[in-house]
Each structure stands twice: as C-alpha cells, then as structure tokens.
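Everything on this sheet refers to the single structure shown next.
The values are calculated or read from the model by the stated rules, or taken from the named source; none is laboratory data. Here the structure is a predicted model, which is why all the values come from computation and not from measurement. Positions of Cβ are generated from backbone atoms using ideal geometry, with glycine treated the same way; all protein chains shown enter the neighbour counts.
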Amino acid sequence: MTLRVAVVGGGPAGSSAAETLAKAGIETYLLERKLDNAKPCGGAIPLCMVDEFDLPPEIIDRRVRKMKMISPSNIEVNIGSTLKPDEYIGMCRREVLDGFLRDRAAKLGAKLINGTMYKLELPQTDSDPYTLHYTEHRPDGLVGDDRTLQVDLVIGADGANSRVAKAIDAGDYNYAIAFQERIRIPDDKMAYYEELAEMYVGNDVSPDFYAWVFPKYDHVAVGTGTMRVNQAKIKSLQAGIRQRAAKRIEGGEIIKVEAHPIPEHPRPRRVVGRVALVGDAAGTVTKSSGEGIYFAAKSARMCAETIVELSHAGQRIPTEADLKTYIKRWDKEYGATYLVLDLLQRVFYRTDATREAFVEMCADMDVQKLTFDSYLYKTVVPANPLTQLKITAKTVGSLLRGSALSPTRTW
C-alpha cells in the first residue's frame, strides 16, 4: 500500500508538512484556497528558521539588527548591541515566504490543489478513508467544479478558523485579532528603518499585547493586536499606534489594510482519529511575543516526520495513538517555552505601570542577550546561576520602581 495524506492549508505549516511527506515518497495532496494570499502578519522570523528551513536570501526583505522598545510614556530603549555581526531577525512578506515554501513542496512531489475545502467527511470504520469535499478554483479566478478526494490521513493547517478542526470537534480557543496597515513612506523615513524595528506598549496601542512598526521590502507594516475583539476597539488602537509613530511615518501612503485572528492557546484536542492539527489550527502561537511563523512550520514538520517514521515511509496507516506521538514530542520540547511566555504576558502586559517596568528591564544587557539568544535559536539559554539571580532581582526592582508590584496585589 501507499499512504495517502491530505494537507489542508498552504501556509508555512501546511507547506512544511507537505514537503517532508513528499520527500519521503508519501502520496501527498496540498490544498490551498488562495495561492496569492498575504496573511496580515508582522512577518518576523528567527535566524534559526533561515537555516533549518533552508530559506534563500531573497525571501528576507530586511535583516533587523536593532530594535526600539517604547514604553507608554515614550521612554525608548535600544536593543541589539549584544547581537553578533551575522545575527539578525528576518523580516519577510507572507505572500513571498508562503509562495516559496508551497512551490518547493510541489517541486518535491506534493500535488498542489487550488481549492477550498467545505466539508471533511469522517470514516465509518478505522480503515475507511477520509473524504474531502472541495471546490476547485480555476487559473482565471473563477470558481470551478466541486470535487472529492479520499485519503488515509489529514493534516489540518488551515489557520485559526480551521474547518478541519471543526469537522473533528477539536474544541474552541480564545483568540486575538491582529490588525495591520502596510504603509509606503518617503525614502528618508524608510532609511531610518533600514535594519530597525519598533515595538510599542501601552493601553493606547493595546490593552494586552503590543503594537509594532516592522520594515519590509518597500514599506513598513504598522499594526497592533488585542484579545478584546471588536471593530471599534481595533480602530481606536490602530489610531493609537499611528499617533505614537506619527513623525516617523509622516507622509506615508496606506497600500493595504489587513486583519486576522490569532489563537491564544492550543486547542483542547490536536489529534482526533487520523487527523492532526498543526500551526494556527492547533494553536501554536506564543504568548507575549505573538510569534507564529516558526512554530507553525516547526510543528508541521514535526508532525510529518512522526508520520513518516511511524508509517515506515508510507507502508502502513498510522493510528490515533501514533499521531499523538507528535503532540507528546512537541509538548516535551516547547511546553516550558509557552508556559514562560504566558507568565511574562500576565505579569508585564497588565497595566501601563508593568509595561514601563518591562521596558526598563529590557535596557539590561543580560536580559537582552538572554532574550535574543532564546528568540534567534529557540533554545533555553543556560545562563549561569548568578546571571539568573541578577535578572530576577532586576525584574522585581523594575516592577517595584514602577509601582507595578504591591504586597496586596493578587495574582
């Protein structure tokens, strides 16, 4: 037999899963509804992703080596002096990154289908196939015929509004909304952002997250995120970041407006039967930083590698227990990371006082190095006990000076 797998969603998660499966000789179908999709996203990727996923230089619009953290009272802290000359945060446009990863998967053997899945029909027995019902999209942009596809396994990589997740009753999760404007600014203003990104915190730009100005190829992405999901609130917060960054983006022209839901925690069930969820569909976005691209691609690759291993390169159909091996491996490797970032968000994004303390803490060189090393390489950096103690003391000191920590406060 030859294992047949359908991957629903052609973003970084879906494409990474499809590539891994196709390289192993597994019959793989990659279903994507919109081949020119430009997901609203800050577009930051860590250095380790460039190497791990073999990304060519042209995928990276900007190599950010400097960052400004800007507090509610507009105190600016410059970050980046601890970086080595060859270290950077990559900034990319999702339509470019996604297109590259999807095309590479297709070249390696994945069968790319331009279509929208509207129903996943579940099997009646453990050996029956899953049936995907989808509407194909023609090259001329018109809607084509309704079609079906039968497979042994399904990987849901179709984002926060995952239809695959709904079909298997994977459960709901809280989500935030990311809102972003792409703004083309004058050349002299763009030069300021040559290798610089900015992050703003404050109730005026987000009550529970941060706002950003990230440089791209020929424009800056200016946006914010919040869990308080309503249109009026989003417009108010976007007006806040536009006002805070007004002088630096003066004379700019809005070329695109984007919004998208972002999961706040993993779904209750990420594997059901012979269906596995990855990326945003599974809820792999991190708290505090809101990082999603690397973890989406990594979770999908880990899922696909587990399928290749436990199917003996497609010679047997993995069971639900087999697929859950991917979840166990994922949680073991990254569970602590998510817990720490969740705690940081709860502590530092609560009030403007805690945000001031957060920005103050970011001025410390030990904190900067620990943070950058952890972000760039996705490893728990083994700081020595004295450094860890010093960072803890400075954190508490910053909170106290900002009147953000009180003996009577309940956590």
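Structure notes:
So that you can scan it fast, the table gives a plain yes or no per residue for (1) over 30 Å from Val5 (Cα atoms); (2) not β-branched (Val, Ile, Thr):
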residue	(1), (2)
Thr319	no, no
Asp322	no, yes
Gly335	no, yes
Gln345	yes, yes
Phe358	yes, yes
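- Of all the listed residues (Glu121, Glu76, Glu58, Glu87), the sole one being modelled with pLDDT of 95 or more, assigned by TED's automatic domain parsing to the domain that holds Met190, acidic (Asp, Glu) and more than 20 Å from the chain's Cα centre (by Cα) is Glu76.
- Considering residues of the stretch 164-179 that are modelled with pLDDT of 90 or more and in contact with a helix residue (DSSP H, G or I) (Cβ under 9 Å, 6 or more places away or on another chain) only, the residue nearest to Pro129 (Cα to Cα): Val164
- Within the stretch 238-280, being more than 25 Å from the chain's Cα centre (by Cα) and either of a type in the set (A, V, I, L, M, F, W, C) or at positive phi (or both) holds for Ala246, Ile249, Gly251, Gly273.
- Complete set of residues in the stretch 120-172 that are β-branched (Val, Ile, Thr), surrounded by 15 or more Cβ atoms within 10 Å (Cβ to Cβ) and in a loop (DSSP other than H, G, I, E, B): Ile168
- Qualifying residue in the stretch 287-307 (condition: in a helix (DSSP H, G or I), surrounded by fewer than 19 Cβ atoms within 10 Å (Cβ to Cβ) and either under 23 Å from the mean Cα position of the chain (by Cα) or not assigned by TED's automatic domain parsing to the domain that holds Met199 (or both)): yes
- Strands (runs of 3 or more DSSP E) within the stretch 29-108 that include 2 or more residues crowded, with 19+ Cβ neighbours inside 10 Å and touching a residue at least 12 places away in the same chain (Cβ under 8 Å): 62-64, 66-70, 89-91
- Residue among Ala191, Ala178 that is surrounded by fewer than 19 Cβ atoms within 10 Å (Cβ to Cβ), at negative phi and among the hydrophobic types (A, V, I, L, M, F, W, C): Ala191
- Residues of the stretch 224-244 satisfying the condition of being touching a Gly at 6+ places or on another chain (Cβ under 9 Å) and within 18 Å of Arg355 (Cα to Cα): Thr224, Gly225, Leu237, Gly240, Ile241, Arg244
- From Glu356, Glu333, residue being in the same structural domain as Thr125 (by TED's automatic domain parsing), out of contact with any Phe, Trp or Tyr (no Cβ under 6 Å at 6 or more places or on another chain) and either at pLDDT 90 or above or not acidic (Asp, Glu) (or both): Glu333
- Check on Glu198, of a type in the set (Asp, Glu), modelled with pLDDT of 95 or more, in a strand (DSSP E or B) and not assigned by TED's automatic domain parsing to the domain that holds Ala165: yes
- Residues that are modelled with pLDDT of 90 or more and either assigned by TED's automatic domain parsing to the domain that holds Gly290 or in a loop (DSSP other than H, G, I, E, B) (or both), drawn from the stretch 225-263: Ala245, Ile249, Glu250, Gly251, Gly252
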